[in-house]
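Report on one structure; see the data block that follows.
The values are calculated or read from the model by the stated rules, or taken from the named source; none is laboratory data. What you see is a predicted model, and the numbers here were worked out from it, not measured in a lab. With ideal geometry, Cβ positions are generated from the backbone for all residues, glycine too; neighbour counts draw on all protein chains shown. Side chains included, ligands, DNA and RNA excluded: accessible areas come from the protein's heavy atoms. Shrake-Rupley method; radii C 1.70, N 1.55, O 1.52, S 1.80 Å.
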Amino acid sequence: MAASALSCLAVAAQIRVSTPSTEMVIDAPEGRHLKILYFGSALTDTDFGYIRDAGFNGVDAYPAYGMRCPAEAAFAATYPDGNMSTDLRVESWSQKTEEGSQLTEVLLKDTVYPLTVKVCWRAYMDVDMIETWTEIENLGKKPVTLTRFDSGFLPVRRGQVWLSHLSGTWANEGQLVQEPLLPGVKMIKNKDGVRNSHTAHSEVMFSLDGRPQENSGRVIGAALCYSGNYELRIDTDDTDWHSFFAGINPDNSAYVLASKEVFRTPELALTYSDEGLSGASRNFHRWARSHRIAHGDRLRKILLNSWEGVYFDINEPGMDQMMADIASMGGELFVMDDGWFGVKYPRLTDNCALGDWQVDTKKLPGGVPGLVECAKKHGVKFGIWIEPEMTNTVSELYEKHPDWVIKAPQRDPVTGRGGTQLVLDLGNPAVQDFVFRIVDDIMTENSEIDYIKWDANMAIMNHGSQYLPKDRQSHMYIEYHRGFAKVCDRIRAKYPDITIQACASGGGRANYGVMPWFDEFWVSDNTDALQRVYMQWGTSYFFPAIAMASHISAAPNHQTFRTIPMKFRIDVAMSGRLGMEIQPKNMTPEEIALCRNAIEEYKMIRPVVQFGDIYRLVSPYDGLDMASMMYCSADKSQAVFYWWKLETFCDQHFPKVRMAGLDPDRLYRVRELNRIDNVLLPYEGKAFSGKFLMENGLEIPYRHIVDYHLQNDWSSRVLYLEAE
Ligand code: DGJ
């Protein structure tokens, strides 16, 4: 609705920011402070009219430091005369509809200095998500230094509020942490410079009704959509509110805003659900598929990636054999990982050649075009690995352009992987052109390449841009990610259809800041199926299965050395975007047969897994030695149920798992997928009402009924439910 239409109403300053089932109410009285009055489920007109009479007059929606601000602030600046205080008042506001969303903008202006902050909210009309960000403009003649510039702020009413968030490390990403919010500041942050989701993630959920529940209770979800360093703060002080702030990490990143320059902060996406944590996840997943990840409406191909199969041992016969093998199992795509390039310095291991993106013709005499032809012969698509933001000191690129790396003046660079790796300075336009050309050259030579695995294996370990002037060194992190965005924009403008995976030493780029350009991410370099249950569980809080690359790998596993039977490895990988990360020629005929069958069955359930609604049922983090979840199609006509046993003891007693998300009035016929047992489950082929399945569930046998010599301590089930 236009601002002018609303301005004549008695509640003129109260603005409704609405999605189908949720809304935020803000108060924007001219000349006063902007306030947030409400965030939750959609209000009736009556309740909206009386919103202030419920007893809450709102809190500052974008608290600025220096005036009446003894607590945390979302914004802080130092003006040319040294003044460190800001006082932002409402100047004007507007609301309009554009491209399936409602955009609300409130312009705030400092009472003394020529600085404005536009606070923006985009509310989607098809999904329950509101994105908020700010646009800070220096209208003065002299630069203003920004020392804090959060994307957004949200007050969360105190009570029994619990926080769910992800932590971890390389090979153990996406670990779920749940804790009550207590007085003090809870900070979640990243300072890697390049990758930002190995350790903490920039997404959180607040359970408002005590200990978090998956399928009941009110939940607020928040995701900061930024590819670089971030900081999320929850300040619980002497007020009735947990004050939540999220934005670019301002540490070592003070930003000098030039005259007439506008600084746009990244989006903070906010959602609300009264259907528990899984409800908030469904909101994130729907928004992601419709608005936030590349090709969210396109089914993903089943692929074999060469990394754990051959590592750097790339050669033509080997690639041909792997392509033939994945094709014979029903796969649709083959991806050649690291080790294919380097002429002067062949990439035989991880210590050279990044930046030298010419094929090593000793390994691959027919070059990449030869491999693309080979893939065609086998009836699969071809994909390729690159790590374009990096170089090695041992590379032709570094010999030619030592000035392109991130490095502190006067100091020797601190190197990363292989003892020689360095990060290129993406803030430098020449480097941006170079990185764009890496992709452009590969695609020009091989227009039929279908998939790129884009890796990034180093943190920024040296503060220093050789491109930026001395007095702008604090812009280095921000300019790096602006450069990254510019390159990605150029690639997507020219190659809109190619599938691109965000990989960064495993799960270092599972973040909505990168997903608009990327179709998916590599969840972790750890492919151990048991540990993947935990990592994928946590990651599913915020990211849909369509984006979570989940591969069947070898036993013993290359990271944990755990030996897990193929059945369990398949049943875990099939809960995400299924792929393989293995040398097929080392697999037994029985394993090949299981995988061939799994790929065929996955093709049947793929739309339910990749486009469906998630319902997490029993958490692996609850210490019950098992985990269970399911996906239901949007029309509730199909569902896939997963059950994994995580420990084995005699005299174990697992809870019977009640299903969720089904239509209580429909009958669902049950079929076990990836079956290995000698006998059918008692309910195989039988139909039960959704009501029965959701109230009672089905008894899942604790072990598989197989020949004695095939018995082991692992057990898992995948059930496909189809409505009659
Ligand atoms: C790190 C990635 O996470 C792996 O999957 C693999 O691509 C290697 N890099 C290759 O060097």
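Details
- Selection within region 482-495 - open to solvent by 10 Å² or more (accessible area, probe 1.4 Å) and over 20 Å from Glu332 (Cβ atoms): Arg482, Ala485, Lys486, Asp489, Arg490, Arg492, Ala493, Lys494
For (1) modelled with pLDDT under 95; (2) part of a helix (DSSP H, G or I); (3) farther than 16 Å from Phe263 by Cα; (4) assigned by TED's automatic domain parsing to the domain that holds Thr19, each residue gets a yes or a no:
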site: Asp47; (1), (2), (3), (4): no, yes, yes, yes
site: Asn57; (1), (2), (3), (4): yes, no, yes, yes
site: Glu91; (1), (2), (3), (4): no, no, yes, yes
site: Leu103; (1), (2), (3), (4): no, no, yes, yes
site: Cys120; (1), (2), (3), (4): no, no, no, yes
site: Ala123; (1), (2), (3), (4): no, no, yes, yes
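- Extreme residue, farthest from the ligand (Cβ to nearest atom), among residues of region 519-555 that are among the hydroxyl-bearing types (Ser, Thr, Tyr) and in a helix (DSSP H, G or I): Tyr534
Rundown of residues vs (1) assigned by TED's automatic domain parsing to the domain that holds Trp385; (2) among the aliphatic types (A, V, I, L, M); (3) within 22 Å of Arg509 (Cα to Cα), yes/no style:
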site: Pro402; (1), (2), (3): yes, no, no
site: Val423; (1), (2), (3): yes, yes, yes
site: Gln432; (1), (2), (3): yes, no, yes
site: Asn446; (1), (2), (3): yes, no, no
site: Lys453; (1), (2), (3): yes, no, yes
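- Tally, over region 383-419, of residues that are within 16 Å of the ligand (Cβ to nearest atom), within 30 Å of Leu303 (Cβ to Cβ) and of a type outside the set (Phe, Trp, Tyr): 13
- Residues that are under 23 Å from Leu303 (Cβ atoms) and either assigned to a strand (DSSP E or B) or in the same structural domain as Asp677 (by TED's automatic domain parsing) (or both) are absent from region 584-601.
- Residue match in region 518-527 (condition: under 20 Å from the mean Cα position of the chain (by Cα), within 30 Å of Glu448 (Cα to Cα), of a type in the set (Gly, Ala, Ser) and open to solvent by 10 Å² or more (accessible area, probe 1.4 Å)): no
- Pick from region 47-85, criterion open to solvent by 40 Å² or more (accessible area, probe 1.4 Å) and closer than 15 Å to Gly152 by Cβ, ranking: nearest to the chain's Cα centre (by Cα): Glu72
- For region 447-459, a tally of residues being away from the ligand (no atom under 16 Å from the Cβ) and either within 20 Å of the chain's Cα centre (by Cα) or part of a helix (DSSP H, G or I) (or both) returns 0.
- Residue that is farthest from Ile293 (Cα to Cα), among those in region 556-575 that are open to solvent by 10 Å² or more (accessible area, probe 1.4 Å) and either within 16 Å of the ligand (Cβ to nearest atom) or hydroxyl-bearing (Ser, Thr, Tyr) (or both): Thr563
- Every residue from region 576-591 that is more than 16 Å from the ligand (Cβ to nearest atom) and either more than 24 Å from Phe312 (Cα to Cα) or touching a strand residue (DSSP E or B) at 6+ places or on another chain (Cβ under 8 Å) (or both): Leu578, Pro584, Pro589, Glu590, Glu591
- Selection from region 538-555 of residues that are more than 26 Å from Val177 (Cα to Cα) and open to solvent by less than 10 Å² (accessible area, probe 1.4 Å): Ile552, Ser553
- Any hit, region 203-216, residues being modelled with pLDDT of 95 or more, open to solvent by less than 20 Å² (accessible area, probe 1.4 Å) and closer than 30 Å to Val487 by Cα: yes
- Odd one out for Asp497, checked against (1) away from the ligand (no atom under 16 Å from the Cβ); (2) not in a loop (DSSP other than H, G, I, E, B): (2)
- Wholly within region 271-378, helices (runs of 4 or more DSSP H) carrying at least 2 residues that are within 16 Å of the ligand (Cβ to nearest atom): 307-310, 316-328
- Lone qualifier among Met580, Met535 - being within 22 Å of Tyr615 (Cβ to Cβ) and surrounded by 24 or more Cβ atoms within 10 Å (Cβ to Cβ): Met535
- Within region 322-346, tally of residues that are open to solvent by less than 40 Å² (accessible area, probe 1.4 Å) and either within 17 Å of Gly370 (Cβ to Cβ) or under 30 Å from the mean Cα position of the chain (by Cα) (or both): 17
- Here Gly513 passes the criteria (1) in contact with a Leu (Cβ under 9 Å, 6 or more places away or on another chain); (2) in a loop (DSSP other than H, G, I, E, B); (3) free of Cβ contacts under 8 Å to residues at least 60 places away in the same chain except the one numbered (3).
- Note on region 95-115: among residues that are surrounded by 18 or more Cβ atoms within 10 Å (Cβ to Cβ) and polar (S, T, N, Q), the one that is farthest from the chain's Cα centre (by Cα) is Gln95.
- Scope region 159-170; condition more than 21 Å from the chain's Cα centre (by Cα) and under 24 Å from Trp121 (Cβ atoms); matching residues: Val161
- Some residue of region 460-479 being under 22 Å from the mean Cα position of the chain (by Cα), surrounded by 20 or more Cβ atoms within 10 Å (Cβ to Cβ) and either in a loop (DSSP other than H, G, I, E, B) or within 16 Å of the ligand (Cβ to nearest atom) (or both): yes
- Single residue of Leu662, Leu646 found to be touching a Cys at 6+ places or on another chain (Cβ under 9 Å) and open to solvent by less than 40 Å² (accessible area, probe 1.4 Å): Leu662
- In region 417-446, the qualifying residues are those that are open to solvent by 20 Å² or more (accessible area, probe 1.4 Å) and within 29 Å of Ser550 (Cβ to Cβ), and the one that is nearest to the chain's Cα centre (by Cα) is Arg417.
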